[in-house]
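Below: one structure, written as structure tokens.
The values are calculated or read from the model by the stated rules, or taken from the named source; none is laboratory data. None of the values given here were measured: they were computed from a predicted structure. For neighbour counting, all protein chains shown are included, and Cβ atoms are generated from backbone atoms with ideal geometry for every residue, glycine included.
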Amino acid sequence: MENSNVETPKANPTPEFEPLASQISELVTVDSTAEEKKLNDEIDLMLHKISEFMEILEMIRSDTNMCVNSTLPLITEKSRALEQTFDRIDKLEHFLYSQEEDAGSPEQHREKSPRHESCLPKTCRRKRQQL
């Protein structure tokens, strides 16, 4: 069903309505240049901020790579050296504790010395008594 023969009626404004139509047209017409300029300025500002943010991200990424690739191995090396130092300190403490147990206190040695006095020659015993 083709209606190619049917014509749509076209609106012909009558002369009385032309001034009214032009007034309404002026009221409805919006000057968007100010809004467009404001919107473009806001978009430019946002793009600038995004660019700065991307630069900050790149700096953070490069700092992170530097830390992971150079600083972290140095920290690990120093940590191992500290562990070795602490192991040595622990061994030294253990050694000193065992030496202290073996040596005993000076009071114990003084108590033992009169018992072993008979082993000393007489001259040494006399000198000891004089002291």
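For beta carbons closer than 9 Å, sequence separation of 6+ or different chains, a first residue in the stretch 10-24 that is of a type in the set (A, V, I, L, M, F, W, C) and a second that is modelled with pLDDT under 80, the qualifying pairs are 21/13. Counting only helices (runs of 4 or more DSSP H) wholly contained in the stretch 32-131, the ones carrying 2 or more residues that are exposed (fewer than 10 other Cβ atoms within 10 Å of the Cβ), at pLDDT below 90 and of a type in the set (Asp, Glu) occupy 72-103.
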